[in-house]
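Here's the structure we're looking at; comments come further down.
The values are calculated or read from the model by the stated rules, or taken from the named source; none is laboratory data. Note that the structure is a prediction, hence the values are computed from the model and not measured. Counting neighbours? That spans all protein chains shown, and the Cβs are built from the backbone with ideal geometry, glycine included. Quick note on the areas: whole protein, heavy atoms, side chains included, nothing else; ligands and nucleic acids left out. Shrake-Rupley method; radii C 1.70, N 1.55, O 1.52, S 1.80 Å.
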Amino acid sequence: MTGPKSDLARLPKVELHLHLEGAAPPAFIRGLAAEKGVDLSAIFDADGGYRWADFAEFLRTYEAACTVLQSPRDFCRLVEAVLAASAADGVIYTEIFLAPDLCGGGSPAAWPEYLAAMIEGADSARRASGIETRFIPTAIRHFGPERALRAARLAAETAGAVVTGFGMGGDERDGHLAEFASAFELAAEAGLGLTVHAGEVCGPQSIRDALDHLSVSRIGHGVRAIEEPALVSRLAEEGIVLEVNPGSNVALGVYPDWRSHPIDRLRRAGVNVTVSTDDPPYFHTGMIHEYAELASAFGWTSVDFAAINRTALRAAFCDEKTRERLLARVG
Ligand code: ADE
Ligand code: ZN
């Protein structure tokens, strides 16, 4: 690669919003399905990619793919594969969402062994490429508040050097965020950083609910704040960090194209925006691709990306020594 794209490829990158299961390469899932004799042909398209047409079907395909992730070893291999792909795109620090509900059927007894295997995967990736990883156990909103509380308990019990946050994804249209307040309080008491998906499928009210009920410092997506100027001001004043995933938003039809995406307008309004990929193979993206599209849509340069990576590191759920060490690398 030569030219501007190769400059973007070389930039050290910080990613705050990446779902482990959603980052599983289709070939990896197909391989596990073959090993286990599970027929998953319905979730793949003719090109071998994941098949989905809208947000609801995306979630269904995602959960179907996860049915072949059945053992701690499967998760260890998945972490290694996902981190190898991130490192190849120049990512030096990543925070990975992983759902305890999808590990060993969500059994609390299974969690420590699954987590240990994923940490082993992250350690092996660090040895291979130097990539630094933190894990954010994540509730799945449409599984309901009880299971979210159980996920928060597992996150709290294993909080430490690697498990540093708690989050929630899933179907934003399901239930009210206030019903999840106790899960987030429990996680906060354990010292975990908090983030929640809002303002992706639903509008500004979902973001206000997140700020009013969950005391999060970061919001997954949050881009639909742009529909309400007072909310944009609030995000800027309160220093809330948005984990923006432009390629995901365009693929899911939240915006028709890159130039219509509000990330540049939010940034100009003083909101702390960062750039991530969400579920790269589902949305045919990666960090280099995101940067290249943003450079082309908004004229962002390596100076803008370095600033965004500093914002991401300041918002990262990591220890101060790691933050300082990596801040020195992003320039
Ligand atoms: N889980 C994985 N990706 C997600 C997304 N984009 N929105 C909500 N939940 C998710
Ligand atoms: Zn997400």
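What to note about this one:
- Residue list for the range 112-144, filter: more than 24 Å from Ile219 (Cα to Cα) and in contact with a Gly (Cβ under 7 Å, 6 or more places away or on another chain): Tyr114
- Residues that are free of Cβ contacts under 8 Å to residues at least 12 places away in the same chain and either aromatic (Phe, Trp, Tyr) or open to solvent by less than 20 Å² (accessible area, probe 1.4 Å) (or both) within the range 304-328 are absent altogether.
- The range 153-172: number of residues that are surrounded by fewer than 21 Cβ atoms within 10 Å (Cβ to Cβ), touching a helix residue (DSSP H, G or I) at 6+ places or on another chain (Cβ under 7 Å) and in contact (Cβ under 8 Å) with a residue 60 or more places away in the chain: 1
- Any hit, the range 247-257, residues being over 22 Å from His19 (Cα atoms) and assigned to a loop (DSSP other than H, G, I, E, B): yes
- Of everything listed in (1) farther than 15 Å from Thr158 by Cα; (2) modelled with pLDDT of 95 or more; (3) more than 19 Å from the chain's Cα centre (by Cα); (4) surrounded by fewer than 18 Cβ atoms within 10 Å (Cβ to Cβ), the single unmet condition for Ala88 is (3).
- Any chance Thr301 is closer than 20 Å to Asp7 by Cβ, at pLDDT 95 or above and open to solvent by 30 Å² or more (accessible area, probe 1.4 Å): yes
- Selected residue (criterion: farthest from ligand 2 (Cβ to nearest atom)) from residues of the range 250-298 that are among the acidic types (Asp, Glu) and buried (at least 19 other Cβ atoms within 10 Å of the Cβ): Glu293
- Complete set of residues in the range 217-229 that are over 17 Å from Asp264 (Cα atoms) and open to solvent by 10 Å² or more (accessible area, probe 1.4 Å): Ser217
- Among the residues of this structure, Arg147 counts as one that is under 17 Å from Cys66 (Cβ atoms) and either more than 16 Å from ligand 2 (Cβ to nearest atom) or surrounded by fewer than 19 Cβ atoms within 10 Å (Cβ to Cβ) (or both).
- Checking every residue in the range 126-147 against the condition of being in a helix (DSSP H, G or I) and of a type in the set (Phe, Trp, Tyr) gives at least one match.
- Counting only residues that are within 16 Å of ligand 1 (Cβ to nearest atom) and small (Gly, Ala, Ser), the range 150-182 holds 6 of them.
- Test: Ile140 is within 15 Å of ligand 2 (Cβ to nearest atom), open to solvent by 10 Å² or more (accessible area, probe 1.4 Å) and either out of contact with any Pro (no Cβ under 6 Å at 6 or more places or on another chain) or not assigned by TED's automatic domain parsing to the domain that holds Leu20 (or both): yes
- Single unsatisfied condition, Ala187 versus (1) in a strand (DSSP E or B); (2) buried (at least 22 other Cβ atoms within 10 Å of the Cβ): (1)
- Unmet criterion (only one of (1) over 20 Å from Pro246 (Cα atoms); (2) in the same structural domain as Cys318 (by TED's automatic domain parsing); (3) open to solvent by 20 Å² or more (accessible area, probe 1.4 Å); (4) in contact (Cβ under 8 Å) with a residue 24 or more places away in the chain) for Cys76: (3)
- Test: residue in the range 199-215 that is surrounded by 20 or more Cβ atoms within 10 Å (Cβ to Cβ) and either touching a Phe, Trp or Tyr at 6+ places or on another chain (Cβ under 8 Å) or touching a residue at least 60 places away in the same chain (Cβ under 8 Å) (or both): yes
- Among residues of the range 235-249, those that are more than 14 Å from ligand 2 (Cβ to nearest atom) and out of contact with any Lys or Arg (no Cβ under 8 Å at 6 or more places or on another chain), counted: 5
- Taking the criterion of being in a helix (DSSP H, G or I) and either without any contact (Cβ under 8 Å) to a residue 40 or more places away in the chain or open to solvent by 30 Å² or more (accessible area, probe 1.4 Å) (or both), the residues of the range 1-28 that qualify are Pro4, Lys5, Ser6, Asp7, Arg10, Ala27, Phe28.
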